[in-house]
Every structure is written in structure tokens, then in C-alpha cells.
1. Tell me the helices (runs of 4 or more DSSP H) entirely within segment 118-191 that contain at least 1 residues that are open to solvent by 70 Å² or more (accessible area, probe 1.4 Å) and within 22 Å of S37 (Cβ to Cβ).
2. How about segment 68-89: which of its residues are open to solvent by less than 70 Å² (accessible area, probe 1.4 Å) and over 13 Å from the mean Cα position of the chain (by Cα)?
3. Please find, within segment 51-67, the residue that is nearest to V161 (Cα to Cα) out of those that are open to solvent by 10 Å² or more (accessible area, probe 1.4 Å) and assigned to a loop (DSSP other than H, G, I, E, B).
4. Among the residues of segment 36-51, is there at least one that is more than 15 Å from the chain's Cα centre (by Cα) and closer than 23 Å to H20 by Cα?
5. Report the residue count in segment 29-50 for those that are assigned to a helix (DSSP H, G or I) and open to solvent by less than 40 Å² (accessible area, probe 1.4 Å).
6. Looking at this structure, is E130 touching a Gly at 6+ places or on another chain (Cβ under 6 Å), at pLDDT 95 or above and among the acidic types (D, E)?
7. Considering L42, L94, which residue is in contact with a helix residue (DSSP H, G or I) (Cβ under 6 Å, 6 or more places away or on another chain) and either over 26 Å from K168 (Cα atoms) or free of Cβ contacts under 8 Å to residues at least 12 places away in the same chain (or both)?
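The values are calculated or read from the model by the stated rules, or taken from the named source; none is laboratory data. The shown structure was predicted, so the numbers you read here are calculated from the model rather than taken from an experiment. Note that we place each Cβ from the backbone using ideal geometry, even for glycine, and neighbour counts take in every protein chain shown. Just the protein is used for accessible areas: all its heavy atoms, side chains included, with ligands, DNA and RNA removed. Shrake-Rupley method; radii C 1.70, N 1.55, O 1.52, S 1.80 Å.
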Amino acid sequence: MAGRQAKVIAPGQLDLLMQHIRGRRDEARSKVIILLSVRAGLRAAEIAKLEWQMALNASGNVGQTIELEDRIAKKRSGRRIPIHPELRRALVILQRGRFTEGPVIRSRKGGHMRPNSLVNWFKALYRQLEFKGCSSHSGRRTFITYTARLIPQAGGSLRDVQLLAGHKSLSTTERYIDGDSSAQRKLVTLL
């Protein structure tokens, strides 16, 4: 099963992703796409269908949460996701007062990107950086793995990660979490 899952993106790899997109014509959009995956755990289809109204507050500014609506979420599993500070800054830059309606991630023609176009976008990006085993789902798996590891610090539970991921079943969330061989070694030595 481990060979079939998308690889988790290591912190150093995330830095490389950000360096790679720096200076590109579509840098602001690219950064938001990556962070919606890694820092909010959105699926490619959810990123493609995300609209500004779901990320803006009543004043038309980037809010504190993404209100992912059932109509764009897999299995109608809409949810409220707190916006990571890095993602919030990237959204503010992307918006720059221009957009309060329509898709957050626009195609070159100005409309919604198709989910498959985003899958291919991630595939090309990871191929350019030679990130073996990474796919459009890698950011989501990274989000779920790292939030699960931070549960003790946050005082939460795996149920909180499940709700953030929009999974109906806790066992689905558990399958996303990547094991940590270093932690496993420490656990065994504590016996």
C-alpha cells in the first residue's frame, strides 16, 4: 500500500517548490495553489472549484477560515478550515483588491481551472524538480500527516484532523498519515 500512496512533501522540498516558482509570471497563483494543498489540505478538484466568497470575510478581505462548501467538496464533505498565516498572506497578494467573486485559481482565460488541469500542473511541477512519487495528492497527504503529528501540541485529537480533511471515516484519515521511522525507533527504545 505504501508504494501506491502519494509521497509526503518534506519541509526542505516545500522550500524548493517555493524557490522554483519565484519570479514566474504566475508566481502568486502558483504559490496559492501549492499552499492550498500543503497548508489547507485541499484536493485538486477543491482547489480548482474554490471561489473567493469561500475565503473572504464580510468586508471582502481574506478571512481567517476557508468555508469549503459541500457543492465543491468530495462526497459533499464541506468544512471550515482555518487559514494558515502563510496561505493567508499569499491569498492577500493574489487578491490585491481585484477579486471578490469567481474562482480563486483562474485559468489563463480567466475562468475556473479544470481539476484535471491542476493534476497535470502538479505533475509537471514535481517532474521538473524530480520529486519521485509526488502527485497532486502529495500536499493533502502532507497536510494530514503533519497535522496528525502536531495533535499533542494543539491539544486536539485525530477527530480534528478528520474534520479538517473532510473524511467521513477516521480510518480513511489514518491511511493518509505517513509513519515516522525515527519516532518508531524512539518508541521502541522507551520500552
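1. Values: elements: 138-149, 151-154, 158-165, 170-176, 181-189.
Answer list for segment 118-191: 138-149, 151-154, 158-165, 170-176.
2. Matches in segment 68-89: E69, D70, I72, A73, S77, G78, R79.
3. First pass over segment 51-67, keeping only residues open to solvent by 10 Å² or more (accessible area, probe 1.4 Å): 51, 53, 56-61, 64-65, 67.
Still in the running and assigned to a loop (DSSP other than H, G, I, E, B): 57-61, 64.
Details: N57: 24, A58: 27, S59: 29, G60: 28, N61: 27, Q64: 18 Å.
For segment 51-67, the residue satisfying everything is Q64.
4. No, there is no match, as no residue in segment 36-51 is more than 15 Å from the chain's Cα centre (by Cα) and closer than 23 Å to H20 by Cα.
5. Here is the first cut: in segment 29-50, the residues assigned to a helix (DSSP H, G or I) are 29-38, 44-49.
Checking the rest, the ones that are also open to solvent by less than 40 Å² (accessible area, probe 1.4 Å) come to 29-30, 32-38, 44-48.
Adding up the residues that qualify gives 14.
6. Working: touching a Gly at 6+ places or on another chain (Cβ under 6 Å): no; at pLDDT 95 or above: yes; among the acidic types (D, E): yes.
So E130 fails the test.
7. On the way: L42 fails: either over 26 Å from K168 (Cα atoms) or free of Cβ contacts under 8 Å to residues at least 12 places away in the same chain (or both).
It is L94.
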